[in-house]
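Take a look at the structure below.
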Amino acid sequence: MRACLVACGLATALALPAQAGSLAARIVDKKGEPVEGAVLLAFAEGGAPGPRKPVVVDVDQVNKEFVPRVSAVAVGTPIRFPNYDQIRHHVYSFSPAKTFEIPLYKGVPADPIVFDKAGVVTLGCNIHDWMQGYVLVTEASHFATSDASGAAKLEGLPAGAVRLQVWHPNLDGQPEDTERSVRLEPDGSQTLTFEIERKRSWNVRRGGGRGSDGYR
């Protein structure tokens, strides 16, 4: 019994994130302005993490916009698309990483969509052309999306070498172009600043009022 307690205690200690660290980053553009909706990706030394238990993520539709506009999820994540507007939306994507369509609906669709392939998925609404959202499906071990101040924080990073990359829908170049390597000490933390180049973007003008079809 004593041997079992010692062995079990050791296994528990090894399972605890005692060696875990954290990393805070601020993501800005070439003018030093904060970048919201950028995804900070971490690839820990030693390969991909173990299997994750799928957790359903929501991408809402509120006031004829996708909320959040940018989401990052692990490969295999199911996503629901609740429509909280009092009108119908028709959500779709033609992206190679995930092609799907949810015809005109209100409320919450019966089944989530499983995002089972790494890549960028661009979301749209077949009724409201200005509605656009993005889902980054990633194999990174850790990831976080920047807020309005450009801040993103990663928790629970293993001690050792970690490769970091930044992705954004308007990134000029590839995430690999932003790559930096850091070494985290046990229970340590670091703070970094990433400066990225953004491409100029053109957005479809948002419509207003109620159209003759009743959908707006």
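Would you order F100, F43 from fewest to most other beta-carbon atoms within 10 Å of each residue's own beta-carbon?
Sorted ascending by nearby Cβ count, the order is F100, F43.
Using the Karplus equation 6.51 cos²θ - 1.76 cosθ + 1.60 (θ = phi - 60°), what ³J(HN,Hα) coupling, rounded to whole Hz, does each residue of region 100-110 give in order, writing x for Gly and Pro?
Here the 3J(HN,Hα) series is 7, 8, 10, x, 2, 7, 10, x, 10, x, 4 Hz.
Cα to Cα, under 25 Å, and not fewer than 8 places away if on the same chain: which lysines meet these conditions relative to K153?
K30, K31, K53, K117, K199
Quick one: H168, H90, H128, fewest Cβ neighbours within 10 Å first, how do they rank?
Sorted ascending by nearby Cβ count, the order is H90, H128, H168.
Stick to the Cα atoms of region 50-138, pair each with every other, and give me the Kirkwood hydrodynamic radius in Å at one decimal.
Result for region 50-138 stands at 13.0 Å.
Amide H of H90 versus every other amide H placed in the peptide plane: which residues, excluding those fewer than 5 positions away on the same chain, fall under 5 Å?
Under 5 Å from the amide H of H90 lie the amide H atoms of N126, I127, H128, each far enough along the sequence or on another chain.
What are the residues whose amide H is under 5 Å from the amide H of T77, where those residues sit 5 or more places off or on another chain and H is modelled from the backbone?
Sorted by chain and number, the residues that satisfy this are F115.
Skipping prolines and chain starts, which residues have an amide H placed within reach, meaning under 5 Å, of the one on L171, given they are 5 or more residues away or on another chain?
K199
Coordinate-derived values only; no laboratory data. Not measured: the values here are computed from a predicted model. We place every Cβ from the backbone using ideal geometry, glycine too, and count neighbours over all the protein chains shown.
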